[in-house]
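Scroll down for the structure; my scribbles are underneath it.
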4 protein chains.
Amino acid sequence: MIKKIAVFTSGGDAPGMNACIRAVVRTSMYYGIEVYGIRRGYNGMIAGDIYQMTSHSVSNIIQRGGTILKSARSKEFMTKEGRQKAFEQLQKFGIEGLVAIGGNGTFTGATIFYDEYGIPTVGAPGTIDNDLFGTDYTIGYDTAVNTALEAIDKIRDTADSHDRVFFIEVMGRDSGYIAIQSGIAGGAEIVMVPEVLTPITEVIETLKQGWNRSKSSSIIVVAEGDEEGNAAEVAEKIKSRVDIDIDIRVTTLGHIQRGGIPTAYDRILASRLGLGAVEGLMNGHKNVMVGIINNEIIYTPFRDTIRLPKPINEDMLRMVKILST
Amino acid sequence: MIKKIAVFTSGGDAPGMNACIRAVVRTSMYYGIEVYGIRRGYNGMIAGDIYQMTSHSVSNIIQRGGTILKSARSKEFMTKEGRQKAFEQLQKFGIEGLVAIGGNGTFTGATIFYDEYGIPTVGAPGTIDNDLFGTDYTIGYDTAVNTALEAIDKIRDTADSHDRVFFIEVMGRDSGYIAIQSGIAGGAEIVMVPEVLTPITEVIETLKQGWNRSKSSSIIVVAEGDEEGNAAEVAEKIKSRVDIDIDIRVTTLGHIQRGGIPTAYDRILASRLGLGAVEGLMNGHKNVMVGIINNEIIYTPFRDTIRLPKPINEDMLRMVKILST
Amino acid sequence: MIKKIAVFTSGGDAPGMNACIRAVVRTSMYYGIEVYGIRRGYNGMIAGDIYQMTSHSVSNIIQRGGTILKSARSKEFMTKEGRQKAFEQLQKFGIEGLVAIGGNGTFTGATIFYDEYGIPTVGAPGTIDNDLFGTDYTIGYDTAVNTALEAIDKIRDTADSHDRVFFIEVMGRDSGYIAIQSGIAGGAEIVMVPEVLTPITEVIETLKQGWNRSKSSSIIVVAEGDEEGNAAEVAEKIKSRVDIDIDIRVTTLGHIQRGGIPTAYDRILASRLGLGAVEGLMNGHKNVMVGIINNEIIYTPFRDTIRLPKPINEDMLRMVKILST
Amino acid sequence: MIKKIAVFTSGGDAPGMNACIRAVVRTSMYYGIEVYGIRRGYNGMIAGDIYQMTSHSVSNIIQRGGTILKSARSKEFMTKEGRQKAFEQLQKFGIEGLVAIGGNGTFTGATIFYDEYGIPTVGAPGTIDNDLFGTDYTIGYDTAVNTALEAIDKIRDTADSHDRVFFIEVMGRDSGYIAIQSGIAGGAEIVMVPEVLTPITEVIETLKQGWNRSKSSSIIVVAEGDEEGNAAEVAEKIKSRVDIDIDIRVTTLGHIQRGGIPTAYDRILASRLGLGAVEGLMNGHKNVMVGIINNEIIYTPFRDTIRLPKPINEDMLRMVKILST
């Protein structure tokens, strides 16, 4: 059986990564596996920034945002030389398997690394965007949605007090997940996502219907990657095409969406996935991502998480329309 | 097709009930159905405390805890005379169907009422305890877990600073759902739930193992209905059986778990269920609860939600043990 | 004695305005004074959008952000015709005194209005910027600082995880109050405010000292009106002048700083000022702002609040430097 | 000049203690003073649990509740032998001055210690109760009030939904500060504090007046040390003397009030006091507590902070009455 593994975080940080690291470490201890932490992702693997972890190393971190192992995107690991160095470092420590907490960039690297050096990786989906095939939710997504929602709640106070239209840009370059969930929960009139085109004319129509019902303020949530442009551009288009006098404001939530204390959901999800990743390695899994689908632990090959798109639920967009009636 | 419906909340209040009321009203408006609100549950139905609602009635309530329709437990509705009066009031308004947001007590009343007077009800599960068969989650549960978790996080600050053992009692008279989720997310060493007996000797054993690893503080989460007694009683038993000097404290979270701003999850769940309840009535459903299982809308007969227990996930209890290694 | 008064909110909304409205209404009821609410500031005064308020009108609003009376900036009140109409509306209702919750723009209008029509106003300082002479704190300031601080805490999670330098822009066009307090509380390395020039060279020097101590991430808080330009401009200047490779990010907190549930401090301050405003009118005060200085209620003439600058505490800037050692 | 100092926390923990420790360490570094941390208060001093601190030791702790130095109440330090051992330990490290973060128990010990061994202490007021003479606010108080307030806000959701009367017990055995501030901010109808007797008959009278105005729910905040008994006892008395049918509930907030992320106010206060404590030692102060009165740093002899009571502001109790009109 596998005797020594290492865990690292890679790519953008996400709330709940620490809960996942904790679960990887504690589960390893439980099964008598030695466990090492690698700092700064593949960069630290190459540099040998690796240390042994114990139960105590992960005390009192379950509630912290960010990642105690730090994260980075590594250019060097994309070179053959970089991967060679990484392998040598792992050999020094006798590491036989890896848990990689990150997204598709991380999993792509792990796949190549396995082909070259035969060290198996089980991935855990850590990204606020929830754009990974093979799991219903990713680590950090529930927290990011609640952070966006708190911001929307605050902005609505101001929108209502001044009879304003607010365009709020949330994260999600290729994915409308954060936008849809925070938009529905925030009572937005319209949600604009990259997966589905919302024509500007439709936005204007919805706003006008609201004004006719003397709805004086409106919230429009825009995913950063929306086809009609980001929030500022959409707002400009609206202003230029509507002749009546409305007070339109734009705000971009930005980096606050990545941080913060993880929600219960994210801590539990991260714990289950960390446990599942270690048990996956123990059972001989390799080049797979551990996910939860319909409340069951599922292992999906990296080639599928990388290749297959994760569709959004169009029923949710239908619901936005109905609930803004 | 159904033309007039009414909505009410009944039993203990839960965060997200307002989001559900909003969805019921807006969905009705969308489909051209007249919608009425009944205040104070069955008591208001009997008293005729009923008023027509419009989109505007539910503006700016999605983020509020409690219920704008107020709630109550009704003794009078348990009598034939009470139900007769309720029926007469509904007839006055021409109401042809009901959406009841509540739990099994509410659904039992609705079933009897249908048998007597033929007015169909679709129920939406509104209770923080998550103890209803027919849905993965109930409205208010995710918020209650996060509220309990925030409290646990705060208490751990003090536990760590003083090397204390804390027993924290959370809600859940017959159900360990809140305890398990808040316990895992809060990094509790032990979680005690009504569904599974945790012997006092095992609690003592786990605490001792922690001390041997020089783990100086511990958190034990106890559901209020635990067989070994509530948190204060369990703490007393431990104190009387352990001879070494430890500083044990007990705290009961109490009513704060019912209130608060609903999380994104609860608002979206409540919105989906409110929409599903109205569409259920439109499609001729009666005496059923709308729920979401594996992300799909499901209608379960009241007789099943009332009769069938909702098992807890024992894998979760296993996880508590592994993660406290 | 004065028998009928009216209250309104004007200018930018601020958390705690509702607590102040509540105190004005309840204090009036307590003393047997009839009290009216005017919606949308001076615009509503001109339009006669005025209604009688009772204790019940202000139930359950103490915790809400924004203002139930809505707010606006009025161009029409700056004209003689506008003020004439406003006076006629107030006469219709028999209103003998006004409580204006807002800032210097509001107080300037009130002063002119008194000179023309003799209706006295007592002002309450409602602005998140804390830039009003005559009070230690303004309504909304403590909440805005805590909102900015929560955002900084979240961003630090990410900064630490990725070894980044973050420039965070907070509100305060002419005033560094929010920047200083949120910067100190957020553990910022540097705080840049409009009142005091922080040369770019000094910023670079401080960052370099940190890197030499292997401090890998840094937070710089910039008030939106800083002389060296806003956060994005300052960040650009730094990037162009530093030759080593650092990952610099910029985020602008924006409108979230105006909204949100008011803190205990803001609710108590707002309540005291609302009470003080009504008692001020009862005691014959006019054209004054009620404030709290060293925990005492003080009435300061509008001409002073308008004319006199409110200096920032330079000791605080000294503290930023010491604490980033 | 003083060259080596040590800092410790003692008594009950309070949010902001870490921010104070950080300020003590960073200020010492700034002035070139060596600084040591003592773990677990006087117990650690006796045991020699002392380590040198640097800027890095206090990185990323400003936002954390509890105390990284841990705290304890020491019986051994109350003995001559205990203090002798403590002195010997301090001598080993060459420590010439102490910063003690705690309350009057801590300061009493420090005074005796100085008389015996001549090592000067400057105290910083760290207690959530705000019951120390010599400072307007103590470290942790603002956070505790906001924590109590959040709980009150949540409970009001439920109180309103069910037309209930809630008795909420907050901390403050000898002091009504938390009760008054959280009560006013929470819109409580009545606040009961140890300093002033509120007769049960007056409570009943106020409740009845509310019911006559058809105010259906009420919140009564009770400090744990109230003369009429704690919240449960007061509620019992009310129930036994009122003949009409009301739904009365009691909840005790308990230990959550000690923990949590410190507010901006507490972090800034703690930072100023930490800086002031070190500068106090540098300037030859001994046996004094550093406090802030009317925004100025003040040093008050321990004998006064111990002997003199801190009166509550009776104007605040008057305000409770007016605002519940």
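The values are calculated or read from the model by the stated rules, or taken from the named source; none is laboratory data. What you are looking at is a predicted structure, and each value in this text was computed from that prediction instead of being measured. Positions of Cβ are backbone-derived with ideal geometry, glycine not excepted, and every protein chain shown enters the neighbour counts.
Key figures for this structure:
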item	result
Residues (surrounded by 24 or more Cβ atoms within 10 Å (Cβ to Cβ) and at negative phi) located in the range A:134-145	A:Thr138, A:Ile139, A:Tyr141, A:Asp142, A:Thr143, A:Ala144, A:Val145
The one condition in (1) surrounded by 24 or more Cβ atoms within 10 Å (Cβ to Cβ); (2) farther than 22 Å from D:Pro309 by Cβ; (3) of a type outside the set (A, V, I, L, M) that D:Gly183 fails to fulfil	(2)
Set D:Thr201, D:Thr143, D:Thr147: member being among the β-branched types (Val, Ile, Thr), out of contact with any Ser or Thr (no Cβ under 6 Å at 6 or more places or on another chain) and farther than 20 Å from D:Asp247 by Cα	D:Thr147
Any pair with Cβ under 6 angstrom, 6 or more apart, that starts in the range B:79-93 at a residue that is over 15 Å from B:Ala110 (Cα atoms) and ends at one that is modelled with pLDDT under 95 and buried (at least 16 other Cβ atoms within 10 Å of the Cβ)	none
Test: residue in the range D:53-68 that is outside any loop (DSSP other than H, G, I, E, B), over 28 Å from D:Ile256 (Cβ atoms) and of a type outside the set (S, T, N, Q)	yes
Conditions (1) crowded, with 16+ Cβ neighbours inside 10 Å; (2) touching a residue at least 12 places away in the same chain (Cβ under 8 Å); number of the one not met by D:Arg303	(1)
Residues within the range B:55-73 that are free of Cβ contacts under 8 Å to residues at least 60 places away in the same chain and either more than 14 Å from chain D (Cβ to nearest Cβ) or more than 14 Å from B:Gly37 (Cβ to Cβ) (or both), tallied	6
Among (1) surrounded by 24 or more Cβ atoms within 10 Å (Cβ to Cβ); (2) in contact with a helix residue (DSSP H, G or I) (Cβ under 6 Å, 6 or more places away or on another chain) - the single one B:Asn104 does not satisfy	(1)
Of the criteria (1) over 20 Å from D:Glu227 (Cβ atoms); (2) among the hydroxyl-bearing types (Ser, Thr, Tyr); (3) away from chain B (no Cβ under 12 Å), which one D:Ser175 fails	(1)
Where B:Val170 falls short, out of the listed (1) crowded, with 24+ Cβ neighbours inside 10 Å; (2) within 12 Å of chain D (Cβ to nearest Cβ)	(2)
Residue within the range B:163-176 that is without any contact (Cβ under 8 Å) to a residue 40 or more places away in the chain and under 25 Å from B:Asp129 (Cβ atoms) present	no
Qualifying residue in the range C:74-86 (condition: under 30 Å from D:Gly187 (Cα atoms), more than 14 Å from every other protein chain (Cβ to nearest Cβ) and not in a helix (DSSP H, G or I))	no
Answer residue from the range B:41-81, given it is within 27 Å of D:Glu150 (Cα to Cα) and among the small types (Gly, Ala, Ser) and is surrounded by the fewest Cβ atoms within 10 Å (Cβ to Cβ) among those	B:Ser59
Members of the range C:16-39 found to be within 12 Å of C:Tyr51 (Cβ to Cβ) and of a type outside the set (A, V, I, L, M), listed by number	C:Glu34, C:Tyr36, C:Gly37, C:Arg39
Residues within the range B:116-138 that are out of contact with any Leu (no Cβ under 6 Å at 6 or more places or on another chain) and part of a strand (DSSP E or B), tallied	2
Search result, residues across the range B:139-150 that are within 19 Å of B:Gly12 (Cα to Cα) and either of a type in the set (Lys, Arg) or in a helix (DSSP H, G or I) (or both)	B:Tyr141, B:Asp142, B:Thr143, B:Ala144, B:Val145, B:Asn146, B:Thr147, B:Ala148
Selection from the range D:296-325 of residues that are in contact with a strand residue (DSSP E or B) (Cβ under 9 Å, 6 or more places away or on another chain), β-branched (Val, Ile, Thr) and within 14 Å of another protein chain (Cβ to nearest Cβ)	D:Ile297, D:Ile298, D:Ile312, D:Val320
Flag for B:Gly291 being touching a Ser or Thr at 6+ places or on another chain (Cβ under 6 Å) and within 29 Å of D:Arg249 (Cα to Cα)	no
All positions within the range B:296-325 that are in contact with a helix residue (DSSP H, G or I) (Cβ under 9 Å, 6 or more places away or on another chain) and part of a loop (DSSP other than H, G, I, E, B)	B:Lys310, B:Ile312, B:Asn313, B:Ser324, B:Thr325
Residue count for the range A:55-78, restricted to those that are over 22 Å from A:Phe107 (Cβ atoms) and either charged (D, E, K, R) or touching a strand residue (DSSP E or B) at 6+ places or on another chain (Cβ under 8 Å) (or both)	2
Checklist (1) modelled with pLDDT of 95 or more; (2) within 14 Å of chain B (Cβ to nearest Cβ) applied to D:Gly259, failing item	(1)
Residue within the range D:149-161 that is within 11 Å of chain B (Cβ to nearest Cβ), in contact (Cβ under 8 Å) with a residue 24 or more places away in the chain and touching an Asp or Glu at 6+ places or on another chain (Cβ under 8 Å) present	no
Identity of the residue in the range B:281-295, assigned to a loop (DSSP other than H, G, I, E, B) and within 14 Å of chain A (Cβ to nearest Cβ), that ends up surrounded by the most Cβ atoms within 10 Å (Cβ to Cβ)	B:Asn295
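Conditions (1) more than 18 Å from the chain's Cα centre (by Cα); (2) surrounded by fewer than 16 Cβ atoms within 10 Å (Cβ to Cβ); (3) of a type in the set (Lys, Arg), marked per residue:
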site	(1), (2), (3)
B:Ala188	yes, no, no
B:Gly225	no, no, no
B:Leu253	no, no, no
B:Arg267	no, no, yes
